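*Asks:* My structure is below; once you've seen it, I'll send some questions.
The values are calculated or read from the model by the stated rules, or taken from the named source; none is laboratory data. Because the structure is a prediction, the values reported are computed rather than measured. Every residue, glycine among them, receives a Cβ derived from its backbone with ideal geometry; neighbour counts consider all protein chains shown.
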Amino acid sequence: MQTPVPSDLIAKLAQAYPEHASRIVETLETPPSVSLRLNPARTLSARPLAELEDGTIPWLPAKLEGYWLSERPLFALDPLWHAGAYYVQDASAMTLATIWEQLDWHTPPRLALDLCAAPGGKSTLLRDLLPKETLLVSNEILPKRCKILVENMVKWCGADQMIITQEEPQRLTALLLGACDLILVDAPCSGEGLMRRDEEARRMWSPQLIADCVTRQRAILQEAMRMLAPEGILLYATCTLNQEENDQMIQWLLDHYPCELIDLSRFAERITGAYATSYGLHLWPGIVRGEGQYLAALRLTDIVETPSEARKAKGLTHTSRQALAGLSWLSEPTSADYFTIGDRIYQLTPEAAQLLATAYREHLAVATPGLEIASMRHQAKGYEPSFALLHHKLYDAIKLPSLELPLEEALRYLRGEALTTESSTERGFTTITYRGIPLGLAHSTGTRLNNLYPKPYRLRI
């Protein structure tokens, strides 16, 4: 039995939003909407789950596609979901893309930070919106959630031009002090706007929880402002409905830091049902077709803290020509730099390599340093293509045979089962595909395909 919407919350909403409160509360007792966003880097002959499509999300920019579904399917039984062909994301959370082009960038951002990034919905969106040369640092402090973040980013874009960290914001500040042109803080919050789909949010809600969240949000934002570069933009988002965690939090920032508000009110008419406050945009369940979301934007106008002169960290180890030559399945290594970290080879820009070197010097927890090209499972067998590479445009340069699987065989593969073929296959590495989209790798012995799908990602049902 579902926990009722807390009576204190109902009273709070009635006081804050008398015109909309009853509709919001009524909606919180109904099933949540379901929507997805397509990966623009994947080419599909037909839209995923087209039989359930129930309207295109109109506030996405032209280069992105998303749509609602009439019901929630079991996404785990769709190989395209596992392949990163789409991301299941609430339509309200996609409004970040709506405001993007109008943020009045004085110069293209060189370094961006998603400070509270798991499970990765907004990081995947940022990676699609940012210029390809922009380095994106995505951070998640909780180990379990960070693993999910890594999986989602690898499947979305190979984690290219990304550094994923698992750190407290205070620990990141030493690395990124005054350096970020963009910081997104999708803050941990009381979750009022998610009560349609999150039973725990109903059970855990209390006025004290709001107070605790405010304290935590301020601590996170204090570090974010220290990491923001002058003229840099802070995007602040929550999935809650109260003013303490939303408008009042923005006023607190304006009172304590040299920043100016970026007016988002002009976007309200583009997002059906959005409500513009004096500080940002509110999206309420029942008013918009989506869950609760708040979004505000600030521009830093002066230095918060002057960085001390940085000590140049000892550089990472460039991959030897001999090792690169051994990657016989990679037909066209790019002009980018290649580095060996542990038993893996990564493609990194010089900027990413230097930032990583500093992160390692400071003993920061780096979950993944970027696009993995190859890994060495067994010293005697040398390097093998990485899983991440299959989910990146560089995959086109791989000289590997491929095997297209029908649905049931694809699900067997995703469960980690060995595959057999009626006819002999070329010995060596084989790309496994479904509807033309790479799922992962297998190693052929001729009649048997040994499954190389990563164990942490395997289907459990």
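*Asks:* Considering region 188-211 alone, what residues qualify as being surrounded by fewer than 21 Cβ atoms within 10 Å (Cβ to Cβ), part of a helix (DSSP H, G or I) and of a type in the set (D, E)?
*Replies:* Hits for region 188-211 are E199, E200.
*Asks:* Still on this structure: With R321, R270, R311 as the choices, which residue is within 26 Å of Q89 (Cβ to Cβ) and either in the same structural domain as T238 (by TED's automatic domain parsing) or surrounded by fewer than 13 Cβ atoms within 10 Å (Cβ to Cβ) (or both)?
*Replies:* Values: R321 fails: within 26 Å of Q89 (Cβ to Cβ); R311 fails: within 26 Å of Q89 (Cβ to Cβ).
Selected residue: R270, the only one of R321, R270, R311 that is within 26 Å of Q89 (Cβ to Cβ) and either in the same structural domain as T238 (by TED's automatic domain parsing) or surrounded by fewer than 13 Cβ atoms within 10 Å (Cβ to Cβ) (or both).
To keep it simple, each residue is scored yes or no on (1) in a strand (DSSP E or B); (2) over 24 Å from T124 (Cβ atoms); (3) in contact with a Pro (Cβ under 7 Å, 6 or more places away or on another chain).
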residue: D8; (1), (2), (3): no, yes, yes
residue: R37; (1), (2), (3): yes, no, no
residue: A41; (1), (2), (3): no, no, no
residue: D54; (1), (2), (3): yes, no, no
residue: S92; (1), (2), (3): no, no, no
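*Asks:* If you take the residues in region 312-339 that are farther than 29 Å from E168 by Cβ and touching a helix residue (DSSP H, G or I) at 6+ places or on another chain (Cβ under 8 Å), which one is modelled with the lowest pLDDT? Give the derivation first.
*Replies:* Keep residues of region 312-339 that are farther than 29 Å from E168 by Cβ, which gives 318-338.
Applying the additional criterion that residues be touching a helix residue (DSSP H, G or I) at 6+ places or on another chain (Cβ under 8 Å) yields 330-334, 337-338.
On the way: L330: 80, S331: 69, E332: 66, P333: 62, T334: 65, D337: 91, Y338: 93.
Per the stated criteria, the residue is P333.
*Asks:* Checking I164 against (1) crowded, with 24+ Cβ neighbours inside 10 Å; (2) within 12 Å of the chain's Cα centre (by Cα); (3) of a type outside the set (S, T, Y); (4) under 16 Å from N39 (Cβ atoms): exactly one of these is not met. Which one?
*Replies:* Only one criterion in (1) crowded, with 24+ Cβ neighbours inside 10 Å; (2) within 12 Å of the chain's Cα centre (by Cα); (3) of a type outside the set (S, T, Y); (4) under 16 Å from N39 (Cβ atoms) is unmet by I164, namely (4).
*Asks:* So, in region 10-32, of the ones that are hydroxyl-bearing (S, T, Y) and not in a loop (DSSP other than H, G, I, E, B), which residue ends up surrounded by the most Cβ atoms within 10 Å (Cβ to Cβ)?
*Replies:* Going residue by residue through region 10-32, those that are hydroxyl-bearing (S, T, Y) are 17, 22, 27, 30.
Cutting the leftovers down to not in a loop (DSSP other than H, G, I, E, B) gives us 22, 27.
Values: S22: 14, T27: 21.
Per the stated criteria, the residue is T27.
*Asks:* Output the residues belonging to region 117-128 that are surrounded by fewer than 23 Cβ atoms within 10 Å (Cβ to Cβ) and more than 13 Å from R37 (Cα to Cα).
*Replies:* P119
*Asks:* Quick one: would you say K132 is under 26 Å from R42 (Cβ atoms) and either outside the structural domain of A353 (by TED's automatic domain parsing) or modelled with pLDDT of 95 or more (or both)?
*Replies:* For K132, the condition - under 26 Å from R42 (Cβ atoms) and either outside the structural domain of A353 (by TED's automatic domain parsing) or modelled with pLDDT of 95 or more (or both) - is met.
*Asks:* Report yes if W68 is outside any helix (DSSP H, G or I) and either farther than 25 Å from P32 by Cα or at pLDDT below 95 (or both), otherwise no. Talk me through it step by step, then tell me what you get.
*Replies:* On the way: outside any helix (DSSP H, G or I): yes; either farther than 25 Å from P32 by Cα or at pLDDT below 95 (or both): no.
The answer is no for W68.
*Asks:* Every residue in region 137-161 that is closer than 15 Å to R127 by Cβ and in a helix (DSSP H, G or I), please.
*Replies:* Correct list: L149, V150, E151, N152, M153, V154, K155, W156, C157.
*Asks:* Let me ask something additional. With a cut-off of at least 1 residues that are touching a residue at least 24 places away in the same chain (Cβ under 8 Å), over 30 Å from Y360 (Cα atoms) and under 26 Å from the mean Cα position of the chain (by Cα), name the strands (runs of 3 or more DSSP E) lying wholly within region 229-346.
*Replies:* Details: elements: 259-262, 281-283, 293-300, 337-341.
By residue number, 259-262, 281-283, 293-300.
*Asks:* Another question about this same structure. When E408 is evaluated against the numbered criteria (1) at pLDDT 85 or above; (2) in the same structural domain as Y338 (by TED's automatic domain parsing); (3) among the charged types (D, E, K, R), which criterion, by number, is the only one it fails?
*Replies:* (2) is the only condition that E408 fails.
*Asks:* Continuing with this model, one more query. Let me confirm something: among V214, V185, which residue is under 26 Å from L149 (Cα atoms), in a strand (DSSP E or B) and not basic (K, R)?
*Replies:* Working: V214 fails: in a strand (DSSP E or B).
From the options V214, V185, the qualifying one is V185.
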